[in-house]
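A.B. asks: What follows is a structure written as structure tokens; I'll ask about it next.
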Amino acid sequence: MSAEKQSGKTEKPPEVRKRLALRIHPLFIFVIILVPIIALQWYDTRSQIGGLQHELAKRLAEADASGKESRNIVVEAAEAGRRTETKLGLLESRLAESQNQQLALEALYQELTRNRDEATLEEVEQLLLIANQQLQLASNVKAALIAMQEADARLQRLDRPQLSSLRKVLSTDMDLLKAAPYVDTVGVSIRLDNLAASVDVLPLAMELRPPEPGASRSPQFPVTGNIWLQFLHEAWEDIKRLVRIQHMDKPDIALLSPSQAYFLRENLKLRLLSARHALLARDGTSFKADIDASTDWIGRYYDNSSQSVVNMLETLTQLRESEVGIELPRISASLDAVRNYRLARDRGNR
């Protein structure tokens with residue numbers, strides 16, 4: 001029993017073997033089919049992996065070369081950066097130096113401009129002082145206008161908007177001077193000086209002498225060789241010259257001693273100089289009084305038939321017609337405006 005059981009356990013029946021063969025056969029077929037496919041897939045996969053490895057190696061090589069090139073570029077860029085930083089530092093130092101120089105130049109320009117403006121304002125004030133002196137002392141409107149126009153030109157060259165009010169005041173004073181009647185004070189003063197200088201050569205009326213007599217109407221002595229007759233002829237001619245008779249239009253001619261004639265001339269000079277002083281002082285009443293006194297003295301004591309006396313009388317008559325008592329406008333507003341502007345400017349600079 002044990003032997004049969006043991007043989008039953010080891011030997012399978014034919015039906016079992018047949019069923020097992022039917023079951024193994026499809027699996028075997030599947031394995032046979034699957035193994036080549038797997039082998040083919042493995043080979044293809046390996047080929048692809050090899051290609052990928054080769055491509056990867058190629059790419060790695062290229063990446064390595066590119067990395068080396070990039071490193072070289074980075075090194076060059078770093079070197080260029082260092083050079084750029086060096087140049088930038090140099091440029092910054094030069095820029096700072098240039099800025100310092102610019103600031104120094106600006107400060108110098110401001111100082112020069114301030115000095116120029118100050119010098120110009122001083123010149124303008126001096127010109128206005130000259131114009132004021134010409135008006136007050138010489139009554140010379142033309143010279144005062146020239147000085148004020150020059151002052152306005154100096155202000156215009158500065159080209160400062162804050163000077164517009166100052167120029168406006170200056171223009172107002174110039175318009176007042178232009179509207180004032182013109183009196184040639186300098187010309188009248190020169191003519192008075194010339195008249196005073198010619199007083200010494202004017203002939204006095206008492207110095208007038210009759211003309212020399214012409215040829216004698218008395219019968220001439222015959223010219224002979226007799227010396228006595230010649231002597232008598234010359235003596236007669238000398239006697240006739242001792243006394244001359246002349247008709248005088250003014251029988252009341254003043255007879256002056258030499259000292260009186262000297263003081264007359266000096267007083268006449270003083271009168272003419274006094275008229276000149278009245279002209280400069282714009283005193284029309286005194287001016288005409290001195291001219292009238294001078295004209296009266298010349299007509300009374302001097303030879304009115306002399307051409308020099310006639311010319312002086314005509315000149316005095318013309319000068320008397322001059323209007324010297326005109327009140328001239330003052331330019332103190334312009335002068336005060338310049339001084340106030342300079343004072344305010346100095347306070348602002350402080």
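The values are calculated or read from the model by the stated rules, or taken from the named source; none is laboratory data. Model, not experiment: these values are computed from the prediction. Neighbour counts run over all protein chains shown; Cβ positions are idealised from the backbone, glycine included. Accessible surface areas use protein heavy atoms only, side chains included; no ligands, DNA or RNA. Shrake-Rupley method; radii C 1.70, N 1.55, O 1.52, S 1.80 Å.
A.B. asks: Going by the structure shown, is ASP303 at pLDDT below 85 and crowded, with 16+ Cβ neighbours inside 10 Å?
C.D. replies: Yes, satisfied.
A.B. asks: Determine whether LYS18 is assigned to a helix (DSSP H, G or I), modelled with pLDDT of 80 or more and of a type outside the set (Ser, Thr, Tyr). Please lay out each step first, then the result.
C.D. replies: Values: assigned to a helix (DSSP H, G or I): yes; modelled with pLDDT of 80 or more: no; of a type outside the set (Ser, Thr, Tyr): yes.
For LYS18, the condition - assigned to a helix (DSSP H, G or I), modelled with pLDDT of 80 or more and of a type outside the set (Ser, Thr, Tyr) - is not met.
A.B. asks: Restricting the search to region 150-172, which residues are touching a residue at least 12 places away in the same chain (Cβ under 8 Å), among the small types (Gly, Ala, Ser) and open to solvent by 70 Å² or more (accessible area, probe 1.4 Å)?
C.D. replies: Result: SER165, single match.
A.B. asks: Here are some residues: GLU11, GLU106, GLU85. Which one is modelled with pLDDT under 80, more than 30 Å from GLN156 (Cβ to Cβ), open to solvent by 80 Å² or more (accessible area, probe 1.4 Å) and among the acidic types (Asp, Glu)?
C.D. replies: Values: GLU106 fails: more than 30 Å from GLN156 (Cβ to Cβ); GLU85 fails: modelled with pLDDT under 80.
Of GLU11, GLU106, GLU85, the one residue that is modelled with pLDDT under 80, more than 30 Å from GLN156 (Cβ to Cβ), open to solvent by 80 Å² or more (accessible area, probe 1.4 Å) and among the acidic types (Asp, Glu) is GLU11.
A.B. asks: Something else about it: Considering region 166-184 alone, what residues qualify as being closer than 16 Å to ARG154 by Cβ and not polar (S, T, N, Q)?
C.D. replies: Residues of region 166-184 that are closer than 16 Å to ARG154 by Cβ, as a first pass: 166-171, 173-174.
LEU166, ARG167, LYS168, VAL169, LEU170, ASP173, MET174, listed by residue number.
A.B. asks: Quick test for you: out of ASP296, ASP290, pick the one residue that is part of a helix (DSSP H, G or I), over 51 Å from the mean Cα position of the chain (by Cα) and among the acidic types (Asp, Glu).
C.D. replies: That would be ASP296, the only listed residue that is part of a helix (DSSP H, G or I), over 51 Å from the mean Cα position of the chain (by Cα) and among the acidic types (Asp, Glu).
A.B. asks: Same structure, new question: Which residue, of ASP296, ASP290, ASP283, is touching a His at 6+ places or on another chain (Cβ under 9 Å), at pLDDT 85 or above and either exposed (fewer than 15 other Cβ atoms within 10 Å of the Cβ) or not hydroxyl-bearing (Ser, Thr, Tyr) (or both)?
C.D. replies: None of the others qualify; the one that does is ASP290.
A.B. asks: Identify all residues within region 149-163 that are at positive phi and modelled with pLDDT of 85 or more; write none if there are none. Outline the logic, then answer.
C.D. replies: Applying the first criterion (at positive phi) to region 149-163 yields 159.
Once the filter is applied, which keeps residues that are at positive phi and modelled with pLDDT of 85 or more, region 149-163 yields nothing.
A.B. asks: Residues that are open to solvent by less than 30 Å² (accessible area, probe 1.4 Å), over 21 Å from GLU323 (Cα atoms) and in contact with a helix residue (DSSP H, G or I) (Cβ under 7 Å, 6 or more places away or on another chain): does region 173-187 have at least one?
C.D. replies: yes
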